[in-house]
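> There's a structure below that I have some questions on.
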Amino acid sequence: MPGDYPVGRGRVSIEAAGIPIEGVSIGGHESFYKLHALRALLDIGRAPEDVLGFSTVCITHGHLDHAAGLAHFASRRLLGALPPPKVLVPAPAEGDFADWLSASERLEQVRYGLDLAGVEPGDRVSLRNDLELLVLPGRHRVATVGYLFIEIRHKLKEEFAGRPGEEIASLRSRGVEVLRREENPLLAYPGDCSVEIFEAAPQILQAKVLLLECSFLDPDDVERARTYQHIHLTDVIERAGEFRNEALVLTHFSLRYRPSEIREALRAIPEVLAPRVVPFLA
Ligand SMILES: [Zn+2]
Ligand SMILES: [Zn+2]
C-alpha cells in the first residue's frame, strides 16, 4: 500500500446525473465529499488543502472517519484568514463537537470563531436563493442526521400561463402571487446507516442522486453490517425496484475488499437498477 491509500481507494472524482462529486470514502478510515455545484462539503474525515475553501460543512455523525478533519479545518481556515465556516452537526452531538473545538482552541491559544449549528430532522438551511438543505433522520450507532439538497424554482402558476407579460407585471404590482414554488430534490446523503434508513427517510429514494453507503458486500459480512449498523449489498439488491434515483452512488466500501472485488460484487445488482449505479471508486 504505497502512500495513504490502497490502489483505487484514494481520491475519487465522479459525475452522477450531472453532479460532480469528488472526495475519499473508505469505511472506518476516512470520508469526505466535495460538492462544488451544491456549495457544501459532506463530512470531513480529513482536511486536505482543497477542502479549505468550503464555507459550509455538513457532518452526519461523530465517528472520526467522518469528523476527524474538523479541528484541523478550522485551524487552517483561521491561518489562511478565511471567514468562519458554517458547520452543521447532529444536535445531540453538538456539545461534544463544541467541547472538542474549545479544547483545540485552548491548545492553540486562538479562537476559530466557527459557526457550529446542531441540526435536527426537518430543519432547513438556505445555501443559495435556489438551493436549500433539508436535514433528514439518520439511522446509525451514534447520533446521525442525513442531508437532502433541494433545488428551489419559482414558476408561473397554471392559471396565469399564456397571459401577456404586462398583465403578469400588473398583477404582481397589485400584490397577486403569480408564482408557485417548486422543489426538486437533487442529492440525498444519509451518512452511515443501517437498513432501517429506507423506512426512516424514504425521500432518499426520490432524489436525483442518492449517495448511499454500502460498507459490506460479502454474504459472510451480513451479520457484521447489522452489528455495526451499515448497509449490506443485499439490502440494495432486495430493494432494487424501489430506487427512483437517476443515479445511485454506492460508497464507504470496507477496506477489506479490493476495487476489483467491489466491481465484481456489484454485478449482482438487478438490471432494473444496475445501469444507474455508480461505484465511488477511482
Ligand atoms: Zn463511516
Ligand atoms: Zn459511522
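The values are calculated or read from the model by the stated rules, or taken from the named source; none is laboratory data. What you are looking at is a predicted structure, and each value in this text was computed from that prediction instead of being measured. All Cβ positions, even for glycine, are placed from backbone atoms using ideal geometry, and neighbour counts span all protein chains on display. Heads up: the accessible areas ignore ligands, DNA and RNA and are worked out on the full protein's heavy atoms, side chains in. Shrake-Rupley method; radii C 1.70, N 1.55, O 1.52, S 1.80 Å.
> Filter the stretch 224-244 down to residues that are more than 16 Å from ligand 1 (Cβ to nearest atom) and basic (Lys, Arg) and give me whichever is least open to solvent (accessible area, probe 1.4 Å).
The selected residue is Arg239.
> Could you go through the stretch 245-254 and let me know if any residue there is assigned to a helix (DSSP H, G or I) and open to solvent by 10 Å² or more (accessible area, probe 1.4 Å).
no
> Is one or more of the residues making up the stretch 136-147 without any contact (Cβ under 8 Å) to a residue 60 or more places away in the chain and in contact with a helix residue (DSSP H, G or I) (Cβ under 6 Å, 6 or more places away or on another chain)?
Checked the stretch 136-147: no residue is without any contact (Cβ under 8 Å) to a residue 60 or more places away in the chain and in contact with a helix residue (DSSP H, G or I) (Cβ under 6 Å, 6 or more places away or on another chain).
> Can you say whether Arg106 is within 23 Å of Val125 (Cβ to Cβ), basic (Lys, Arg) and not in a loop (DSSP other than H, G, I, E, B), as far as the supplied structure shows?
Here the answer is no, as Arg106 does not meet what is asked.
> Would you pick out the residues in the stretch 187-206 that are away from ligand 1 (no atom under 16 Å from the Cβ), surrounded by fewer than 20 Cβ atoms within 10 Å (Cβ to Cβ) and in contact (Cβ under 8 Å) with a residue 40 or more places away in the chain?
Glu196, Ala200, Gln203, Leu205
> Among the residues of the stretch 35-69, which ones are open to solvent by 30 Å² or more (accessible area, probe 1.4 Å) and within 16 Å of ligand 1 (Cβ to nearest atom)?
Passing the criteria: Arg46, Gly62, His63, Leu64, Ala68.
> Out of (1) out of contact with any helix residue (DSSP H, G or I) (no Cβ under 8 Å at 6 or more places or on another chain); (2) modelled with pLDDT of 95 or more; (3) among the hydrophobic types (A, V, I, L, M, F, W, C), what's the single condition that is false for Met1?
(2)
> Separate question: What pairs come up if the first residue lies in the stretch 152-176 and is closer than 27 Å to Leu131 by Cβ and of a type outside the set (D, E, K, R), the second is open to solvent by 50 Å² or more (accessible area, probe 1.4 Å) and in a loop (DSSP other than H, G, I, E, B), and their beta carbons are under 6 Å apart, counting only those six or more places apart or on different chains?
Ile152/Asp130
> Quick check on my filter: what residues within the stretch 174-209 are in contact with a Phe, Trp or Tyr (Cβ under 7 Å, 6 or more places away or on another chain), modelled with pLDDT of 95 or more and away from ligand 2 (no atom under 16 Å from the Cβ)?
Across the stretch 174-209, the qualifying residues are Leu186, Leu187, Leu205.
This table checks each residue for (1) farther than 17 Å from Gly18 by Cα; (2) touching a Cys at 6+ places or on another chain (Cβ under 7 Å); (3) of a type in the set (Lys, Arg).
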| site | (1), (2), (3) |
| --- | --- |
| Gly241 | yes, no, no |
| Arg244 | no, no, yes |
| Val249 | no, no, no |
| Leu255 | yes, no, no |
| Pro259 | yes, no, no |
| Ala265 | yes, no, no |
| Ala268 | yes, no, no |
| Val272 | yes, no, no |
| Phe280 | no, no, no |
